[in-house]
Amino acid sequence: MPRLLSHYKWYIRARAYKLLRRLPSPRALEYCNRYMELCVIHTLSRDDSAHEEREQGLKYIRWTMRFDEELWLLGPHVLKALMSVAEQVDDRMRNICLETLSEVLVIAPERLQYANGIRTLVQASLDGPWSISIAISSTLSHMFDRPETRQYAHAGITLGGIISALTEPLGKDQMLAERAKVAAFMLTQFLKSWSGIQYFLSDQRKDLAALVESLSLADSNCKIILGMLLELFGLSDEFDTIQFQQQPRFDVELLSPFHLPTYTITQTAARTRLFPIDYMRTLLLMVFIDEGLVEALVSVALDLQQPDIADASSTLLKWLAQHPHMPLPEKHVTRFQTLPKLINSALSEGSTRSLGAKRVICKIEGIPSLSMGQLPSQRMDSWASSLASSSRSRSRNSIVMTNNNASVEESLLNSLIKESRVTLDDNAMRWNWDVIRSIILGPMSQSRRLPEEVSISGFLTRLSRFFHPASLEFCDLSRTTGNEEYLEIGRHLIHILISSADGLLLIDESRLLPGIVDEVLKQNSYARRKSREESCFSFARLQMTMSPGYFHFLSEIDSSIGGDSLLERARLFDAYYQVVELSDQVLLIQYILASMSYANEGHARNILRKVASSSQESLRLLVPSFLLYLASDSHCRPGSISAWAIEVLLDLIYDSSPVVRSAAAQCLVLVIDLATENPQLGKSESEARIAYLLDLQPMFDLAVVTDIRPLVLRIIATESGYTYLKEQGIVDSEMEAWGALEGIFYVQSIELDVARALAYGPLFSSSSDGSMMMTTSSQTPSTPAHLFGELTKSTGGREFLQEFEIPRLLFETLANIPWDSALPTDITGLKATLWAIGAIGASRDGYLMLQSYNVIDKIIEVMHQTTSLSLKGTCLYGLALISRNMFAAEVFREKGWLLCSSCYGNYEFAVPKRLETVFNADGWASKGLLDGTSVLSEESMKEPDVTEDLDSVQKEIIEAVIRMSNHVMVNTASKTLMRLRTSHPHYFRLMPLYCKAIHLLGKYRYRLSTRRFIYDVFDVNLASLHEEMIEVAVAAAMSDQEHEHELSQQMRGALSADAGGVSRRFSSSSQHFLQTDSATQRKRASTLQGLTSSVFTRRLTNGLIDNIRPARTGTHTAGAGTTRMPPTPAAPNDNSASNMVV
């Protein structure tokens, strides 16, 4: 079967690879490993016409990687072949070859280092695609993390290609600009990991200094670097919002209650939690500020030739100075406050630079502050306040009436009505809507009764008909920012009509409500099948038109006095009861729920409970976040909306869906905590809500605690909650779970949350200027609640921890696990222990429990001695958690750490003065082969002399092959080879000379086209090499048999005379078996040799296989190219091989 790999037809070779992968193990092919290697590198060098063969050959290489490393077909020659394919941008096999090289870098980096493949990976990653770039950057970060693999990377050199792509001038070359964008993205990925930060700190920050210097030059790279910084510090979304002036949709007010903010945490919980991504960004910002980032941004802002880049630099400068989530030490804040270069330029009168500096100062003053510019707790306050302003809490006086024409006299009302053309023209698009706005917001808004002129003229009747669904005028308008004017006028019109008896009569006469009810009923499944007309509340119209505006009108009516009775007479709630049962009307049900008032018992609460008990999970998922919205600003009393919301949420924690249970538990926690943040409710409201929840006697032991754990941990942090859960046995079961695997799951949860939040990639626009648009998350996840940390907040919990001696056990675990261990289980155990210690020490009482163990010094010692960079990062997170406690802050100050405060002046955490004191990992490779410090052994670097025992022609051939590795000399060398091929063709059929050339291909770097030329210029029969290897293997097998025979003779002579009979019979049968087996093997080998020689040896046949091997006098085919070959003798047919034993 291996001989088929040298067949002249590509599909035969492809099927041979496929069949060889059916072997149990590559060990059966060890005897011909050299032959297999030559066949594979030949296969990889072919063009796309033999794509199936190349694919099967690469699959065979990857198949060998499943077994022991000694069986891998990944020698230097094969790796060089893979690298040549990976460097060819337009090759179809490029991506899978790059992925294979990345896998080799993970499992056997010394092999790739020997072949200089790391440089190939870095350079190829800049050519994309994004999936490959991400895979390579992740692989390199993994290599930087451990000292065992870090020794194959050179600090300051390995990623030099990425840095040079951002620091070298781009000019007008679009390809260089695209490579720079990919380099910026990859650099961002590296700086989001501790191993990447360690790499850039190891070479005295030279790469980061070069990056900042390139930014200060304000050249073609400046725009890309600014985009990278915006993404790195989580400001891309905010910048895009003000850059493109994105307007919020008008229905956000109704739909926002159904979308719980992703990362929501209150001020009380935030003091004992940590935002890991914000902490990492703070450390990165300090490093960039130390390297001159502030001065570089000022230089770019003063550049008058590129105003768009100058504006972006000014915006970034202000946002970094006022970033609420990246607190800085005092000395770094001073760099932003002084800005000496900018101030001095502004004070230098009479110069162009002075005018530019003053313009920048004015620009900075006019830049809007960050919309996310609140503390973590204030972020939730802002969201809760937006909820309070929505439709539920909107009373009939909640609409702010702007009286733009308050001075208009009633005598002029008739002229305004005529000027509006409402009563004169049937086409609403020809009406004067500015005048209509003046009428609606002017005299009519301040009158308790409709003016007589308006009633007589029919103005309101025609205007009401415009908003009727049957007219298809308002509801068919497309959803645009300009058309929101019609919605505003309609809401004011409804408010005016329901404020007077004449208006209510007009609503009844216009049949506005019955028309809306009919459109709702059309969404019933039976009605949709029966009617051919599309309802204005279909999914498409709710998405694309102004139809959701009708729910704003219904909300105005429902919030008015007697409005619910008006809607009930119109049988609107009957229609709602039918629609909320439909699983395909999720969007419509959201609008329905948001438009109703839940202040009192009635249809609204019944409909919401009906949705909460629906059989569809998608409908039940709408309820938890909406109930949180309802309970945000009311006191918890029996019968109140807050108490009712807690009851419904408590029922949902027993739901059959784990997603619904988890959402209900999270919303219950926020219902409790938001009460403390709301100044209208008072600090005691949170305790009142917990007391009401416990009065309901929830049976947490009947629920799935894994899904509702946030709620359990929130209740356990209070005295009454701890007592209640202790009686139910929840505390003991939770302690048992956290002592087993829950601590490990906690580590995995944090790392997954951080990785998910940082996994925002770039989205490059297709504009001609190559502008860069990136998306990133401004809101980052906090560390989840930890059982040990929550228990320290109550007296009973602290006594429980002391009873089980949890602090002592944690420090014993920390001492028993080797800090420099490379085992994943040990690293994960250390991380779980560090997070548990940090959770306890984050509170005042918890820190006092750990103070006797010298907790800060112990964690710092672990951080300095561990060799895992990810574990160093976990130590930093644990120390940051402890430093949030004011009692521990002074200890950190005494140890030389810097205390960071937010832009609001609140202390947040402590950071090390210089990161190099933490990330002091050594073990990086030095300059390498040039100074004798390579990590490769001397034996592996010894190369045989390829010109030994060669004549002058052979030496010239080898020298030409060597020169072909030089891109400048490749043309001359190829002509030399073709000349020698013509004059001395027999030299190119010599197998030893061919093997020397193949050795050079594995030693030097050749392009794929050059490798194809070298393979084609030689005319060797690889099948003969396979025959030689079979002969060697058979000779070795014969020698082993003779050795075994001698051993059996010795054993026979050593047997005692007492057992002679048995021994003679056994020895005789064994000898007979060996002889019989040897004869059988010889016979099978003779048959196999005859078959294979008939296929691969040119001889006369009956015509079936006459042309299996092409004639030497014809055209030699290799890939897609053809070369005229001179006549050569046929390969010798060694008939003696028929006697070999396989």
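The values are calculated or read from the model by the stated rules, or taken from the named source; none is laboratory data. Treat the numbers as computed from the prediction; the structure is a model and nothing was measured. Cβ: placed from backbone, ideal geometry, glycine included. Neighbour counts: every protein chain shown. The protein model used for the area step is the full one, side chains on, heavy atoms only, and it has no ligands, DNA or RNA in it. Shrake-Rupley method; radii C 1.70, N 1.55, O 1.52, S 1.80 Å.
I'd like the Kirkwood hydrodynamic radius of segment 952-1024, using the inverse of the mean 1/r over distinct C-alpha pairs, in Å. Show your work: numbers first, answer last.
Values: mean 1/r = 0.0824 Å⁻¹.
Radius from the Kirkwood sum: 12.1 Å.
For segment 627-770, what class follows from the C-alpha gyration tensor (a ≥ b ≥ c being the square roots of its eigenvalues): rounded when a/c is under 1.5, otherwise prolate if a/b is larger than b/c, else oblate?
Working: a/c = 2.29, a/b = 1.36, b/c = 1.69.
It comes out oblate by the Cα gyration axes.
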Out of residues 5 or more away from Phe909 or on other chains, whose amide H comes under 5 Å of its own, with H placed 1.01 Å from N in the peptide plane? Cys900
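For segment 952-1024, give the percent of accessible area contributed by carbon and sulfur heavy atoms, probe 1.4 Å, rounded to a whole number. It would help to have the intermediate numbers written out before the result.
Working: 1700 of 3100 Å².
Ligands and nucleic acids excluded, carbon and sulfur reach 55 percent.
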Listed by chain and number, the residues whose amide H is under 5 Å from that of Leu328, excluding neighbours fewer than 5 places away on the same chain and using placed H, are Ser901
Between Ser852 and Thr795, how high is the FRET efficiency from 1/(1 + (r/R0)^6) when r is the Cβ-Cβ distance and R₀ = 25 Å? Nearest 0.05. 0.85
Dipole magnitude of segment 1-72 about its Cα centre (Cβ charges: Lys, Arg +1; Asp, Glu -1), debye to nearest 20: 320
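For segment 267-350, compute Rh as the Kirkwood radius over C-alpha pairs and then the Stokes-Einstein diffusion coefficient at 20 °C and 1.002 mPa s; write the answer in µm²/s, rounded to an integer.
On the way: Rh = 14.3 Å.
Here the translational diffusion coefficient equals 150 µm²/s.
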Scalar couplings 3J(HN,Hα) for segment 107-121 by Karplus 6.51 cos²θ - 1.76 cosθ + 1.60 (θ = phi - 60°), nearest whole Hz, x for Gly and Pro, are 9, 8, x, 5, 5, 6, 5, 4, 8, 6, x, 5, 4, 4, 4
Tally up the carbon and sulfur contribution to the accessible surface of segment 6-91 as a whole percent, 1.4 Å probe, everything protein left in place. 47
His323 long-range amide H proximity, modeled H, under 5 Å: none
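Semi-axes of the equivalent ellipsoid of segment 850-895: what are they in whole Å, largest first, if each equals the square root of 5 times a C-alpha gyration tensor eigenvalue? If you can, show how the numbers build up before the last one.
Values: eigenvalues 73, 25, 15 Å².
Rounded to whole Å, the semi-axes are 19, 11, 9.
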Using each residue's phi in segment 590-596, evaluate 6.51 cos²θ - 1.76 cosθ + 1.60 at θ = phi - 60° and report the 3J(HN,Hα) Karplus result to the nearest Hz, with x for Gly and Pro. 4, 5, 5, 5, 6, 8, 9
The ³J(HN,Hα) series, computed from each phi in segment 648-661 with the Karplus coefficients 6.51, -1.76 and 1.60 at θ = phi - 60°, rounded to the nearest Hz and given as x for glycine or proline, is 5, 5, 5, 5, 6, 6, 9, 5, 6, 8, x, 5, 5, 4
With the convex hull built on the alpha-carbon atoms of segment 1-72, volume per residue in Å³ sits at 76
Debye, to nearest 20: dipole size of segment 952-1024, +1 on Lys, Arg Cβ, -1 on Asp, Glu Cβ: 200
Which entries in the list Lys181/Lys1003; Lys341/Lys913; Lys192/Lys895; Lys59/Lys181; Lys223/Lys913 go over 29 Å, if you measure between the two C-alpha atoms of each? Lys181/Lys1003; Lys59/Lys181; Lys223/Lys913
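Sort Arg709, Arg541, Arg66 by heavy-atom solvent-accessible area, probe 1.4 angstrom, most to least. Can you show the working numbers first?
Values: Arg709 25, Arg541 45, Arg66 185 Å².
Result of the area sort, largest leading: Arg66, Arg541, Arg709.
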